[in-house]
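Novice: Just dropping this structure here.
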Amino acid sequence: MSARTLHVTLTSCFAVAMAINAHGPSPAPSSAHRAASHPMRYHLSLPPGWKADRDWPVLVVIPDAKRDFEENLSRFAIARGDRPYILVAPEVLSCGGARTRTIDHYSYAGGEWDSLQQVDEFAFEDDGLAAVLADVHSQWRGEIRAFLTGWEAGGHTVWAQTFRHPERWHGVVPVTTNYQDRGVTAASFSRARERTTLPIQPLRCGAPKGDAAQAVKYCDQQTAVALREAREHGFAPRPVRVVTGAEHGPLPAAVFAWCDSLRRR
C-alpha cells in the first residue's frame with residue numbers, strides 16, 4: 001500500500017468513525033481477567049464471530065493519564081466493527097505520572113495495590129504483558145505477536161515496551177504521545193534483531209481543540225525525541241502521519257486502518 005493510499009484510508013476511516021459516533025452503537029462486551037502467572041489485570045474484548053478454530057490478531061490498547069482502561073477499550077471495540085482483532089487493555093501503571101496513579105482507576109485489591117507501589121513499574125509491565133499475551137494466546141488463540149497502541153501519556157508505556165521488547169510486537173502505533181525516557185536507559189534499549197524491522201507508525205490528531213491544541217505541541221516535541229532515540233538505537237520508525245480532521249484522542253479507526261495495511265502484506 002502506497003503512502004498516499006494509506007493517507008486516504010486513514011482520513012476515510014476518521015470520517016467513518018465520526019459517523020459511527022453520531023449514531024452511538026453499543027460496544028462489544030468485554031471481560032475482566034487476571035493473568036495466570038502474574039498479578040497484572042486486564043480487560044478483553046473478543047471480535048464478532050470468534051471461535052477457537054484459528055489464530056486471531058491481537059491489539060493491545062493503552063489509555064491516557066485518565067487511566068480509564070474500559071472506556072478506552074470500548075472506543076476501540078466500537079471502531080473495530082467486523083474486523084477480527086482481539087482487543088486487550090492491560091491495567092498498566094506507567095501511563096501517566098504518580099499524581100494520577102490512584103487505586104480508583106484500577107481493579108487491583110487493596111493489599112495487592114499497596115504492594116505494587118513498591119515495584120519498578122516498567123519491570124512489572126515487562127513480566128505482566130508477557131503473561132497477559134501468553135494468556136490471550138493459550139485461551140483465545142491470539143497470535144503470538146500483537147499490535148500495540150497508546151495515546152498521550154500512554155506513550156510512556158508504548159515507547160518503553162517498544163524499546164525494551166520489540167520482539168513482542170507485530171506493529172506499534174504511538175498516537176500523539178508523551179515521552180520522557182521513563183523506563184528507558186541506554187542499557188534497557190533492546191539489541192534484538194527484530195528492532196530493525198519492527199513497523200512503527202506514529203499518528204497525530206490533525207484538529208485538536210481548546211486546551212488539547214497546546215498539549216499536542218508538547219506531545220509533538222516529546223514524540224520527536226522518541227523518534228530520534230529510536231533511530232539512534234537501530235529502530236526504523238516512520239515519519240509522523242497526521243490524521244486530517246481528527247480531534248485529540250486514541251484515533252482507533254486510523255489505528256485499525258494501519259494495522260489492516262500490515263496484515264494485508
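A short reminder: the numbers here are calculations on the coordinates, not readings from a lab. This one's a predicted model, so the numbers in the text were calculated from it and none came from an experiment. All Cβ positions, glycine included, derive from the backbone under ideal geometry; neighbour counts span all protein chains shown.
Novice: Please tell me the relative contact order of the chain in percent, rounded to the nearest whole number, where contacts are Cα pairs under 8 Å and at least six residues apart.
Specialist: 21 percent
Novice: Using the C-alpha atoms of segment 81-153, what convex hull volume per residue, in cubic angstrom, is computed?
Specialist: Dividing the Cα hull volume of segment 81-153 by its residues yields 127 Å³.
Novice: DSSP loop (so not H, G, I, E, B), at most 10 other Cβ within 10 Å: list which trypsin sites (Lys or Arg not before Pro) in segment 41-73 pass both filters.
Specialist: LYS51, ARG54
Novice: Cross-link partners among lysines for LYS66, C-alpha distance below 24 Å, same-chain residues fewer than 8 apart left out?
Specialist: LYS209, LYS217
Novice: Can you run the Rg to Rh ratio on the chain? Use alpha carbon positions and the Kirkwood inverse-distance Rh.
Specialist: Rg divided by Rh gives 0.93.
Novice: Can you pull out the trypsin sites (Lys or Arg not before Pro) in segment 159-250 that DSSP calls coil and that have at most 10 other Cβ atoms within 10 Å?
Specialist: Qualifying residues, ordered by number: ARG191, LYS209.
Novice: Specify the inter-centroid distance of segment 193-210 and segment 41-84, based on alpha-carbon positions, in whole Å.
Specialist: If you average the Cα positions of each part, the centres end up 19 Å apart.
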